[in-house]
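To keep things clear, I will list the structure first and then write my remarks on it.
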Amino acid sequence: MGGTSSEREISLRSGRAIAEALKNLGYDVVAIDAGPDICSSLTTNAIQIAFLALHGGTGENGSIQGMLEVLGIPYTGSGVLASALAMDKEVSKKIFLHHGIPVPPHIVTILPSVDMPDIAFPLPWVVKPAAEGSSIGVSIVRQKSDLSNAIDSAGAFGSRVLIEQYIGGKEIQIGILNGKAIGGVEVRPSREFYSYEAKYTAGLTEYILPPEIDDAVYDHAAKTALLAHQALGCGGATRVDLRITREGHPFVLEINTIPGMTETSLLPKIARLAGYDFPGLVEEILRGVVHESE
């Protein structure tokens, strides 16, 4: 948990909650703040399974997963390639399109760029870093004059900036656990969009479980989410973020391969409706690793 990404504080909160749940279940747990000494910490503590609660950065982009592969330590969640693909919003969109999975119209601009990008789809636009999580560096652009500032904000987190068409309608998040879609939640933020503040400040977002959409639309969204999970080769627990248009058409925004596990996080809310309390969810994620290694 922890690490050095911009999502460090959320990761620490997730890690503490997971560690407490595992301890209460009777497991021998060591909570490790992932720093430069991560390799020695793992070997010194004779870790048998790594439960990953790292969000963003090297903890979610395949780097830590690759290190654990080299050390021969089984770990929760997706593998090296799937983690890297899911973290990169540009590349994951290409794979989704290859598999016929709908994504919003989008372009990528690479900084530093002198000219403003030529955007063929209509306003409003969502501007975000191509490889960042928790809605960090994200802006909604409703007039062209605001585009430059939005690109600068996103560019603070990487040289590639994704600009995609804003999809009106509802935001639905689908939870995937060990190869099955276990449920969904509709999020209704009080802010302009589901921002970092709205995600991690209690009371700023209304969560509707199950989502208030037609059953057929929900089933289609869940199937689309599972297809996206499978297209990238993800494993363990993921959360797939979608926008559902007023006509009931789903668009995949991204996949979170290490979803938040805090008191306001969505996967635990979804799992609870599916019959998993928080310790049960944590243990089920752990069981997925044990099953794969047998």
Query raised in the report: Mind checking whether some residue in the range 102-109 is more than 14 Å from residue 228 (Cα to Cα) and crowded, with 21+ Cβ neighbours inside 10 Å?
Result: yes
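Output the residues belonging to the range 210-226 that are in contact (Cβ under 8 Å) with a residue 60 or more places away in the chain and surrounded by 16 or more Cβ atoms within 10 Å (Cβ to Cβ).
Once the filter is applied, which keeps residues that are in contact (Cβ under 8 Å) with a residue 60 or more places away in the chain and surrounded by 16 or more Cβ atoms within 10 Å (Cβ to Cβ), the range 210-226 yields only 224.
Residues that are of a type in the set (A, V, I, L, M, F, W, C) and touching an Asp or Glu at 6+ places or on another chain (Cβ under 6 Å): does the range 223-233 have at least one?
No, the range 223-233 has no match at all.
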Query raised in the report: Got at least one residue in the range 10-19 being closer than 21 Å to residue 63 by Cα, surrounded by 12 or more Cβ atoms within 10 Å (Cβ to Cβ) and of a type in the set (Ser, Thr, Tyr)?
Result: yes
Query raised in the report: What do you reckon, is residue 101 of a type in the set (Val, Ile, Thr), out of contact with any Asp or Glu (no Cβ under 8 Å at 6 or more places or on another chain), more than 27 Å from residue 281 (Cβ to Cβ) and at pLDDT 95 or above?
Result: no
Query raised in the report: Just wondering, is there one or more residues in the range 185-195 that are modelled with pLDDT of 95 or more and either farther than 17 Å from residue 6 by Cβ or exposed (fewer than 14 other Cβ atoms within 10 Å of the Cβ) (or both)?
Result: yes
Report task. Taking residue 167 as the residue in question, decide whether it is at pLDDT 95 or above, outside any helix (DSSP H, G or I), more than 18 Å from the chain's Cα centre (by Cα) and not basic (Lys, Arg). Result -> yes
Query raised in the report: If residue 46 passes every condition in (1) surrounded by 20 or more Cβ atoms within 10 Å (Cβ to Cβ); (2) on the phi > 0 side of the Ramachandran plot; (3) of a type outside the set (D, E, K, R) but one, which one does it miss?
Result: (1)
Query raised in the report: Quick check: is even one residue across the range 152-161 under 28 Å from residue 211 (Cβ atoms) and either at pLDDT 90 or above or not in a helix (DSSP H, G or I) (or both)?
Result: no
Report task. Tell me which residues, restricted to the range 86-145, are assigned to a loop (DSSP other than H, G, I, E, B), of a type in the set (Val, Ile, Thr) and within 19 Å of the chain's Cα centre (by Cα). Result -> 101, 103, 136, 138
Requested in this report: Determine which member of the set 78, 5 is surrounded by 19 or more Cβ atoms within 10 Å (Cβ to Cβ), modelled with pLDDT under 95, of a type in the set (Gly, Ala, Ser) and touching a Gly at 6+ places or on another chain (Cβ under 8 Å).
Outcome: 5
Query raised in the report: Has the range 53-64 got at least one residue that is surrounded by 14 or more Cβ atoms within 10 Å (Cβ to Cβ) and under 14 Å from residue 235 (Cβ atoms)?
Result: yes
Query - Filtered residues of the range 213-258 (kept if assigned to a helix (DSSP H, G or I) and within 17 Å of the chain's Cα centre (by Cα)) - result: 221, 222, 224, 225, 226, 227, 228, 229, 230, 231
Report task. Scan the range 50-60 and give yes if some residue there is within 23 Å of residue 224 (Cα to Cα), touching a residue at least 40 places away in the same chain (Cβ under 8 Å) and either outside the structural domain of residue 177 (by TED's automatic domain parsing) or touching a helix residue (DSSP H, G or I) at 6+ places or on another chain (Cβ under 8 Å) (or both), otherwise no. Result -> yes
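The values are calculated or read from the model by the stated rules, or taken from the named source; none is laboratory data. Just so it is clear, the structure is predicted and the values come from calculations on it, not from any experiment. Note that we place each Cβ from the backbone using ideal geometry, even for glycine, and neighbour counts take in every protein chain shown.
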